[in-house]
Amino acid sequence: MNRLGLRAKLLIAMFLILGVSIGLVAGQAVLLFQQDKSSYVFDLNASQAIKIADEIQANVRHLTEKMRIFADAARLQPPPGSDLKTVLGAMLQQYPEFLLFSVRGEDGSLRNVFTSPALETIGLSKETVHAAYTGGGVPFDSLPQERPFIARLGLAAKMPTFTLAVRGAAGPDGRPGAVLVAEIPLDRLYASRAVSRLFEVYVTDGGGKPIVAFTGRPAAGPGGATAPGGTEAPGGATLGFADLLPKSATMAGTREYVASGTAMLAAYSPVGSLGLWAIVQIPKARAFEAAHRLVVRSLAIAGVVCAAAVALVFVFASSITRSLVGLTRATEQIGRGQFDIQVPVTVGARFKRMTEELAARETALKEANKRLIEAEKMTALGQLGAGIAHEVKNPMTSIRGYAQMGLRKVPPDSPLREYFVTIEKETGRSLEILKNLLKFSRQETAEMSLIDLNAVVSDTVKLVMHQLSMRKVDVVPDLSEEPIQVVGNANQIEQVVLNLMMNAGDAMEKGGRITVGTDEVGGQARIRVADTGSGIPPDVIGRIFDPFFTTKPVGKGTGLGLSVSYGIVKEHKGEITVQSKVGAGTTFTILIPVTKTAPKAAPQAAAGGEKRVRVINLR
Ligand SMILES: Nc1ncnc2c1ncn2[C@@H]1O[C@H](COP(=O)(O)OP(=O)(O)OP(=O)(O)O)[C@@H](O)[C@H]1O
Ligand SMILES: [Mg+2]
């Protein structure tokens, strides 16, 4: 298993979970079906019958609600200028489901018969209707107000209809309300085709006499009541619906019986309190066959769902693992020190975040690596420089000593005097460079004490302000009003500020402005030296802190100013950074941690008591 790739493992795991769960569900369904086929089929039949009964009940409720309103309207005095006939005629036109209205008023006579154009087209005369209704077809006298009467009187020859009679509200004098009878197309009672064609569907009255019949086959079986619409009711020679239905119970049920040698299964359900029954029947063998087919189909669907799920899982797993593999590879590459990599961003927000984080780490690592290289370079150069400086310093001091001796010995007018002066001057300059070099390599450790950085910077600014103003350079102090305490060496800080100000002055040949600022940000003391000079080109800026890097002509700059400053700032546990724009100017920023207490080992120097030697070499 360990040898398998991540993708394979994911796939197997998902397949197992899916396969097992779908298999369990499908297996259980099959098992249940096998164990209890009959009750499954019985239940299926019964649920169909109940469904049909519910639908019929809803249809009838709908129709009777409207008819009750019409019945009440028929009892009331019609609006002036119109008679009852006009009112009901308008209603017939508005509600095409009613083919005919007949009203028996409170006085007991069947007064009005209205025909709609639809009724005319199916060829039914008022007289036929009148005769059918009054001849015992509609129980006008016994019709209760709360329950409608439904029957199939078989009036229309062309279009099957059923008769619905409703009693309106009782009059104020207690007399029973008007009875409104309507002839309605049969498909308004039950028209659903949602039930499978395998079933025969009937709606019968309480006595089992069919009102509606949907059979997918020609008339069969003698003996049963004749179903309307030319179809014969099922039940065969031995059983009619009247025998099939329970005598008293009003609950749905299922029964088995044999009709014309065929084993049948019938389910019945009462239609609310309408006194109707919904009956669904099917040959038993077909029912089992259908149920069997249903199970097979369910299993096939389960299989297809399973296959689709596996395909989806495959696609999903592939994309996840591709990202993971990409991320792993990137991590490995970073681990090997290869930072120039592109992490692929493929799936989802979570991976995006992971890759973004990785990319951010990668950038931070790159940065740290660059700084490390820089520090190592500085250290190496410093050590090298220190070694050379040590070796050269002594002979150089001797040379200068001899030159000074020579100067004293030669007569004032000797041509040799000039040579000695040059030797003395140049060795002096060289010794100055060596001293700087030694400082940079931190061979000379400075004494640290609690100092007011603000005061040191302020003193330094005052020191050079005048000289710089001679070169048309304005110095603008922007100093903090509060003292800023740091642990440091005042001479060294002064040297750094001087270096920066000198460089700024050098960058402004035609004059300009130097702003020197101090403040405290986030527990750090900040010194800023900004100029309006030439700026530092991008290809140069990365090298300005390197020892001996200079763009100034030979003899003018040694290229040690910034490298020494860098070393000093580091010694103060600080950071020095530069921002520059060619033609606009340069800003150096130094950050040194603020300290409120004196360092343990170092004796605290009195701010004014310290003697500082300032050597300013303005060129
Ligand atoms: N404010 C500035 N504006 C423009 N360029 C600058 C600025 N500060 C430093 N530089 C560039 O950085 C280089 C290195 O500066 P650094 O102070 O180390 O040496 P230097 O000034 O050339 O010589 P020195 O040893 O006399 O200071 C300079 O030669 C100059 O090109
Ligand atoms: Mg310099």
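Spacing of the modelled spin labels on Thr86 and Ala191, each 7 Å from Cα toward Cβ, amounts to 3.2 nm. Spin-label model, Tyr402 to Glu289: label points 7 Å out along the Cα-to-beta-carbon direction sit 12.8 nm apart.
For Ser47 and Lys409, compute 0.36 nm times the residue count separating them, minus their Cα-Cα distance, and round to one decimal in nm. Present the calculation step by step, with values, prior to reporting the outcome.
Working: separation 362, 0.36 × 362 = 130.32 nm, distance 13.33 nm.
That pair, Ser47 and Lys409, stretches by 117.0 nm at full extension.
Other residues lying with their Cβ under 14 Å from the Cβ of Gly511 contribute a combined charge of 0, Lys and Arg counting +1, Asp and Glu -1. Extending 7 Å from Cα along the Cβ direction at Val578 and again at Met251 yields two label points whose distance is 9.8 nm.
Net length available on complete extension from Ala307 to Lys366 is 16.5 nm, with 0.36 nm assigned per residue and the Cα-Cα distance removed. Annotation note: trypsin sites (Lys or Arg not before Pro) in the stretch 373-432 located in DSSP loop regions with a Cβ neighbour count of at most 11 within 10 Å are absent. Debye-formula intensities of the stretch 348-436, expressed as log10 I(q)/I(0) at q = 0.20, 0.24, 0.25 Å⁻¹, are -0.92, -1.06, -1.09 (one equal scatterer per alpha-carbon, no solvent).
This ranking places Tyr257, Tyr419 by how few other beta-carbon atoms lie within 10 Å of each, fewest first, which gives Tyr419, Tyr257. Quotient of the Cα radius of gyration of the stretch 539-587 and 2.2 N^0.38 Å, N being its number of residues: 1.22. Loop-resident GluC sites (Glu not before Pro) (DSSP state other than H, G, I, E or B) in the stretch 429-516 with no more than 12 further Cβ atoms inside 10 Å of their Cβ: Glu444, Glu481, Glu509. Between Thr328 and Leu16, the FRET efficiency estimated from the beta carbon spacing at R0 = 25 angstrom works out to 0.50.
With R₀ set to 25 Å, the beta-carbon distance separating Gln383 from Gln467 gives a calculated FRET efficiency near 0.10. With R₀ fixed at 30 Å, the C-beta to C-beta distance from Tyr95 to Ser273 puts the FRET efficiency at about 0.80.
Full extension of the chain between Arg175 and Phe548 yields a length gain of 121.9 nm, computed as 0.36 nm times the residue separation minus the alpha carbon distance.
Each value in this text was obtained by applying a stated rule to the coordinates, not by laboratory testing. This structure is a prediction, so every number in the text was calculated from the model and none was measured. Cβ: placed from backbone, ideal geometry, glycine included. Neighbour counts: every protein chain shown.
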